[in-house]
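Asker: First the structure, then my questions, so here it is.
None of the figures in this text is laboratory data; all of them are computed from the coordinates on show. Please read these numbers as outputs of a predicted model, since none were measured by experiment. Cβ: placed from backbone, ideal geometry, glycine included. Neighbour counts: every protein chain shown.
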Amino acid sequence: MDLIIAKDYSDLSRRASRIIASEIKKKPDLVLGLATGSTPLGTYQELVRLYREEGLDFSRVVTFNLDEYYGISMDNPQSYHYYMFENFFKHVNIKPENIHIPDGMAGDVEAHCKKYDEEIAKYGGIDLQLLGIGQNGHIGFNEPGDELLTATHLTNLTQNTIEANSRFFKSMDEVPKQAITMGLGTIIQAKKIVLLASGKNKAEIMAELLDENAVSTKNPASFLLLHKDVTVIIDEEAAKIYRQMTQSPDSSKKLHVREVFLWPS
Ligand code: GLP
């Protein structure tokens with residue numbers, strides 16, 4: 001796991017967008033896995049800037065989003081469809097037919113999920129998967145539990161996630177309780193993974209993840225330790241507890257973490 005500690009949120013967004021841009025330049029028909037939430041917003045803004053100012057070409061890029069709330073239609077401003085078009089897709093030259101997001105109104109959910117995974121496989125799997133992380137370690141909507149599912153599926157959100165996401169809704173009652181998400185298997189099969197975390201709310205889970213020596217279904221993000229090409233980009237606030245841990249004289253640096261760029265604190 002390569003660790004980059006960025007100076008701040010803008011620095012983190014610039015670094016993430018540069019990695020994505022360089023992969024697109026290497027492979028113009030890149031299969032890009034995308035995430036929502038507040039963390040990747042700056043990365044999308046930077047990618048839009050690279051498209052406008054430097055001609056970064058999305059015309060052959062294929063995207064698959066990680067997840068979508070269940071029971072919410074595409075035109076609902078709270079849906080991840082809406083988020084993706086407003087914050088990214090409508091500002092770049094990506095082709096609508098190359099965009100894939102689970103359908104939150106799918107009637108036969110099981111068939112829809114199966115088709116989603118088949119579509120990913122049809123494109124040869126995901127080349128680069130962008131991830132955020134929940135305060136409880138969820139990735140996509142793979143919540144901590146006794147087991148984690150491998151394929152795309154319908155899942156119940158935990159109370160912790162419902163509360164964390166309620167900031168985007170008028171009332172708690174409006175927050176969806178279920179979502180369709182790629183499974184851990186789909187995510188872990190991506191050839192390259194970039195995980196972003198920003199702000200003090202993520203400091204605890206990031207310290208836990210970077211200090212982890214075992215994988216556990218109680219922390220879904222810990223499964224990323226099994227992957228050989230993960231870059232974690234966090235800002236100083238999200239790195240605060242990790243910094244304290246590794247600066248103490250009795251700390252032993254974890255073998256799986258390779259610090260590639262640490263902004264001097
Ligand atoms: C949601 C999304 C995740 C995201 C997480 C963190 O639950 N399903 O993909 O990583 O929230 O969101 P934020 O970046 O807003 O902290």
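Asker: Taking only the C-alpha atoms, wrap a convex hull around the stretch 60-160 and report its volume per residue in Å³ as a whole number.
Answerer: 123
Asker: Which listed residue (263, 125, 227) has the Cα farthest towards the positive end of the charge dipole for the chain, taking +1 on Lys and Arg C-beta and -1 on Asp and Glu C-beta about the Cα centre?
Answerer: 263
Asker: By the scheme Lys and Arg +1, Asp and Glu -1, what is the net charge of all other residues having a beta-carbon under 13 Å from that of residue 49?
Answerer: Working: positive: 14, 18, 52; negative: 46, 53, 54.
My count for the surroundings of residue 49 gives 0.
Asker: Hey, what's the Kirkwood Rh for the chain if you take every pair of different alpha carbons, in angstrom?
Answerer: 18.7
Asker: Further question: Pairwise over distinct Cα atoms, reciprocal of the mean inverse distance: report the Kirkwood radius of the stretch 1-147 in Å, one decimal place.
Answerer: One decimal place: 16.2 Å for the Kirkwood radius.
Asker: Give me the net charge for the shell around residue 260: Cβ to Cβ below 11 angstrom, other residues only, Lys and Arg +1, Asp and Glu -1. Present the calculation step by step, with values, prior to reporting the outcome.
Answerer: Values: positive: 15, 258; negative: 2, 259.
The answer is 0.
Asker: Could you tell me the center-to-center distance, by alpha carbons, between the stretch 74-138 and the stretch 11-37 in angstrom?
Answerer: For the stretch 74-138 versus the stretch 11-37, the Cα centre distance is 16 Å.
Asker: Please compute the Kirkwood hydrodynamic radius over the stretch 180-238, one decimal place, Å, based on all pairs of different Cα atoms.
Answerer: Details: mean 1/r = 0.0820 Å⁻¹.
One over the average 1/r among Cα pairs gives 12.2 Å for the stretch 180-238.
Asker: Compute the FRET efficiency between residue 147 and residue 86 as 1/(1 + (r/R0)^6), taking r as their Cβ-Cβ distance and R0 = 25 Å, and round to the nearest 0.05.
Answerer: Computed FRET efficiency for residue 147 and residue 86: 0.10.
Asker: In whole Å, what are the extents of the stretch 92-142 along the principal axes defined by its C-alpha atoms, from largest to smallest?
Answerer: Projected onto its principal axes, the Cα set of the stretch 92-142 covers 33, 31, 22 Å.
Asker: Just to compare against my own numbers: the Cα pair-distance distribution for the stretch 86-230, 10 Å bins, whole % per bin, please.
Answerer: It works out to 10, 36, 39, 14, 0, in whole percents.
Asker: Ranked highest first by average number of other Cβ atoms within 10 Å, how do 103-114, 28-39, 219-230 line up?
Answerer: 28-39, 219-230, 103-114
Asker: Also, quick follow-up: Is the shape of the stretch 108-177 rounded, prolate or oblate, going by the alpha carbon gyration tensor and its root eigenvalues a ≥ b ≥ c, with a/c under 1.5 for rounded and a/b larger than b/c for prolate?
Answerer: Numbers: a/c = 2.00, a/b = 1.73, b/c = 1.15.
Taking the square roots of the gyration eigenvalues as a ≥ b ≥ c, the stretch 108-177 is prolate.
Asker: For the stretch 165-265, just say rounded, prolate or oblate: build the C-alpha gyration tensor, square-root its eigenvalues into a ≥ b ≥ c, call rounded for a/c under 1.5, and beyond that prolate if a/b exceeds b/c, oblate if not.
Answerer: Taking the square roots of the gyration eigenvalues as a ≥ b ≥ c, the stretch 165-265 is oblate.
Asker: Per the helix-only calculation at 222 nm, which mean residue ellipticity applies to the chain, given -39500 (n - 2.57) for every DSSP H run of n ≥ 4 and division by its residues, nearest 500 deg cm²/dmol? Could you put the intermediate results ahead of the total?
Answerer: Working: 8 runs with 87 residues, N = 265.
Calculated mean residue ellipticity at 222 nm is -10000 deg cm²/dmol.
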